Amino acid sequence: MNIPVLSWRATVAGLVACLLVANASADEACGLCAKQIVTNSELATCFLDQYDQIAKTGNGAVVVDLSSCASRGVVEPLPSPNKAPPEPDVQFMISRTQLDCLKKKLEAPGIVLDPSATIELDSCG
């Protein structure tokens, strides 16, 4: 009967160790984090306004929810059939490193965000 108890304790200890290692290296390899996001000037401004609050959440990966920022009640013009701009991402998960990197990229002078822009986060390392 002691063998299952020891196996159970070893399993729990192993899982705890894995979680600690995964949390410590969350910025290095976040499997669920976005590799890129699509945004526009309205959502970028909202992100920058909420940055301090967003930065306080989470330990490794951060969930960004800008759904409250998206314009409501405004009818957008129909896109041309051959070149529809990609829809902006209002919810995405990024690492803490990507969060800081995204802020820097959105604050870069001369960035064009309308009708939408794809921001690469792979290079944020």
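The values are calculated or read from the model by the stated rules, or taken from the named source; none is laboratory data. Small disclaimer: the values here were computed from a predicted structure and weren't measured. Here Cβ is always computed from backbone atoms with ideal geometry, including for glycine, and neighbour counts include all displayed protein chains. Keep in mind that these areas ignore ligands, DNA and RNA; they rest on the heavy atoms of the full protein, side chains included. Shrake-Rupley method; radii C 1.70, N 1.55, O 1.52, S 1.80 Å.
The table that follows gives values for the structure above.
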| read-out | value |
| --- | --- |
| Search result, residues across region 51-79 that are modelled with pLDDT under 75 and open to solvent by 70 Å² or more (accessible area, probe 1.4 Å) | Arg72, Gly73, Val74, Val75, Glu76, Pro77, Leu78, Pro79 |
| Total residues in region 80-108, condition modelled with pLDDT under 95 and open to solvent by 80 Å² or more (accessible area, probe 1.4 Å) | 4 |
| Residues (loosely packed, with under 15 Cβ neighbours inside 10 Å and either in a helix (DSSP H, G or I) or touching a Phe, Trp or Tyr at 6+ places or on another chain (Cβ under 6 Å) (or both)) located in region 109-125 | Asp122, Ser123 |
